[in-house]
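Nothing in this text is a laboratory measurement; each read-out follows from the coordinates by a stated rule. Since this is a predicted model, take the numbers as computed values, not measurements. Here Cβ is always computed from backbone atoms with ideal geometry, including for glycine, and neighbour counts include all displayed protein chains.
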Amino acid sequence: MQRAKHADKLRLEGLKEDRRAVIGGGVSVLMALFDLLDIDVLHVADGALRHGVLFDMLEREDEHEDIRATTVRRLQKNFGVDLTQADRVRRVALELLAQLSPDVPEHEPTRIRRKLEWAAQLHEMGALISHSDYHKHGAYILDNSDATGFAVSELHRLSLLVLGHRGKLRKLNVDFDDDAFAMQLMCLRLSVILCHARRDPENQPLKLSCSGTPDRQFKLELPADWAKQYPQSTHLLNEEVQAWQKTTWNLVLQMD
C-alpha cells in the first residue's frame, strides 16, 4: 500500500473494486487495534460480523430485550403462524421442562428454555408452504434464513427441533448423547401431542422425569384413568414410546 501511494494504483489479489477506496482506513484502524490491545497475530475466520453484533450480545443478558425474540415474532407474522396454538404449545413445553429442572445443566437453564420456547413458537411456520410435511419446510426455512440476532449454529439447532417435533426421529442427524437437546425435543414433542386438539390441555396432572447419562430414560407418569379420559392422546403417546426406541433414549409411560 505504501508503494502504491494511491488506492487507484493498488493491486492486491482478491481485493474487490468497491473495497479499494476504503482499505486504507480499514488497515489504519486495524493497526491501531493491534497496538492498543497488544495483538501479535490475526487469524482469519470464515464467518462475518454484522453491524451491532456486540450490542445484540449485550441485549441477550436481558430476556425481555433479546433481539432474537423480536426476530421470532417477525417470523411468526411473515409465515402466518397460528399464534394461539404456538403459545399453547410453548406454555405446555415450558411446564414440562420445568419438571426436568433438576436434570438441566446448571450453567445453561436459560439457554435451553429460550431455545425450546422459540422452537415451540415456530414449529408450524412451514404450514404456510404446505400442510404436508410442514415440519420439514419449517426446518428448511430456519436453516436458510438470515435471522437477525441468531448465529448460524443457533438457527440450525432450532431447525432440528422444528424438524423433530413430529414424525420419526431417525431423520434427525443429531447426537442424541446431548442431554439438553434430548430434553428440549422430548418436551416439544409431548406438548404437541397434548395440544393436538388445538385446545388447552385440561386437568391433566402429568409428571415428566428424566434419568440422563448413562440411563437415558424419560418417564411420564399419568393418573390411572387418564387413558380412558383421553384415548386419542394415549394412542399418540404410545406411538411416541415407539419413536424413541429408535434412539439411544427411552420413554416410559406409567399410569398409577
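Largest first, the three principal axis extents of the alpha carbons in the chain are 85, 39, 34 Å in whole numbers.
Simple spin-label estimate for GLN217 and SER132 gives 4.1 nm between the two label positions (7 Å along the Cα-to-Cβ direction from each Cα). Rounded to the nearest 20 debye, the dipole magnitude of the chain is 960 debye, with +1 charges on Lys and Arg beta carbons, -1 on Asp and Glu beta carbons, and the Cα centre as origin.
Would you calculate a helix-derived [θ] at 222 nm for the chain, using -39,500 (n - 2.57) for each DSSP H run of n ≥ 4 and dividing by the full residue count, to the nearest 500?
Numbers: 10 runs with 122 residues, N = 256.
Value at 222 nm, helices only: -15000 deg cm²/dmol.
Gain on full extension, evaluated as 0.36 nm per residue between ASP87 and ASP225 minus their Cα-Cα distance, stands at 46.9 nm. For an R0 of 45 angstrom, estimate the FRET efficiency from the Cβ-Cβ distance between THR247 and LEU10 and round to the nearest 0.05. Calculated transfer efficiency: 0.20. Taking the chain as the region of interest, the number of lysine pairs whose Cα atoms are within less than 17 Å, with members eight or more places apart or on different chains, is 6.
Seen from LEU161, the other residues with C-beta closer than 10 Å to its C-beta sum to a net charge of +3, counting Lys and Arg as +1 and Asp and Glu as -1.
With neighbours defined as other Cβ atoms within 10 Å of a residue's Cβ, the residues LEU33, LEU208 order from fewest to most as LEU33, LEU208.
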